[in-house]
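Comments concern the structure below.
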Amino acid sequence: MKIIIETPRLVLRQFTMADAPLIWTLNSAPGVLQYIHEPALKNVEEATNVLQNIMLPQYENNLGRWAVHTKHNNEFIGWCGLKWLQSTNEIDLGYRFTPRHWGKGYATEAAQHTLNYGLHQLNLQEIFGKAHIDNTASQNVLEKIGMQYVKEIMEDNVQVKVYRAT
């Protein structure tokens, strides 16, 4: 297990192919995909495909979405990380957590440490974060960690707010 970041309450580590059931379970939880403009995964095999073709290749560039576990019991609660978006040549800060862990500050804690890691360890010049226009909780996370609102755009036929940190 390759640990990338440790926070006071969390451990962020690289996913492995063995984590496909975790991805499947997370994406299957009610409400998780409410504000996300991507299709729901139909089964563990699709989760395996996402890991193999989307998530794990990002690790070659020291980026990626990382599995987030609580320190006190090692429970998987979601993911957080940095992803290079080829379409815009931008680094995206993203996160996704299980609903029963919403409202506990985990997203803010993981996102803050991820942002700091990207800016100060990886020396990235700028990092973007996007949130669905109606996802005020996610917008609040981006604002709490110091990202600045830039603009609203249409992305995959969905209105999103764009934030940036330098």
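Restrict the search to the range 34-72; then list the trypsin sites (Lys or Arg not before Pro) that DSSP places in a loop and that have at most 14 other Cβ atoms within 10 Å of their Cβ.
Lys42, Lys71
Charges at C-beta only: +1 for Lys and Arg, -1 for Asp and Glu. How large is the resulting dipole of the range 61-158 about its Cα centre, in Debye rounded to 20?
360 debye
If Trp84, Trp79 are ordered by their accessible area, calculated over protein heavy atoms with a 1.4 Å probe, which sequence runs from highest to lowest?
Trp84, Trp79
Hey, got a sec? Which GluC sites (Glu not before Pro) in the range 1-92 land in a DSSP loop and have at most 16 other Cβ atoms within 10 Å?
Loop-located and lightly packed - Glu75.
Using label points projected 7 Å from each Cα along Cα→Cβ, tell me how many nm separate Glu126 and Thr16, to one decimal.
3.8 nm
If you put +1 on each Lys and Arg Cβ and -1 on each Asp and Glu Cβ, how big is the dipole of the range 1-51 around its Cα centre, in Debye rounded to 20?
180 debye
How long are the semi-axes of the equivalent ellipsoid of the chain, defined as square roots of 5 times the Cα gyration tensor eigenvalues? Whole Å, largest first.
Semi-axes (√(5λ), whole Å): 21, 19, 17.
Only Lys, Arg, Asp and Glu count, each charged at its Cβ (+1, +1, -1, -1), so figure out the dipole size of the chain about its Cα centre, rounded to 20 debye.
440 debye
To the nearest 0.05, what FRET efficiency results for Lys151 and Thr108 with a Förster distance of 30 Å applied to their C-beta separation?
Efficiency, from the Cβ-Cβ distance: 0.85.
Relative contact order for the chain using alpha-carbon pairs under 8 Å, separation at least 6, rounded to a whole percent?
Dividing the mean separation by the residue count of the chain yields 18 percent.
The values are calculated or read from the model by the stated rules, or taken from the named source; none is laboratory data. Treat the numbers as computed from the prediction; the structure is a model and nothing was measured. With ideal geometry, Cβ positions are generated from the backbone for all residues, glycine too; neighbour counts draw on all protein chains shown. Note: accessible area is taken over every heavy atom of the protein model, side chains too, but ligands, DNA and RNA are not part of it. Shrake-Rupley method; radii C 1.70, N 1.55, O 1.52, S 1.80 Å.
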